[in-house]
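Values quoted throughout were computed directly from the atomic coordinates according to the rules given, and no laboratory measurement underlies them. Just so it is clear, the structure is predicted and the values come from calculations on it, not from any experiment.
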Amino acid sequence: MRVLLMGVVGLVAGFLAGLVVDQIVGIISVLAFDQPVGIRGLPIILALVFCAGGLILGSRSRSG
């Protein structure tokens, strides 16, 4: 149960972090280049990375 919870928390946190980072990149690119530049799919990618990290941390804390 703990591993599943860590995976869900990782998905949500990663998605939110991806949205924030994507917006920051967009703001900086508008200020620097006068046109918006973004990283397509960044929230989804970070959600998957954070989920994997949460699953690994959840399984380590359970067995240790």
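A few points about this structure:
- Remark on I39: its backbone amide H falls under 5 Å from none of the residues 5 or more positions apart or on other chains, H modelled at 1.01 Å from N.
- Sequence-separation-based contact order of the chain, relative, with Cα cut under 8 Å and 6+ spacing, percent: 52
- Estimated Rh, the chain: Kirkwood, alpha-carbon pairs, angstrom: 12.6
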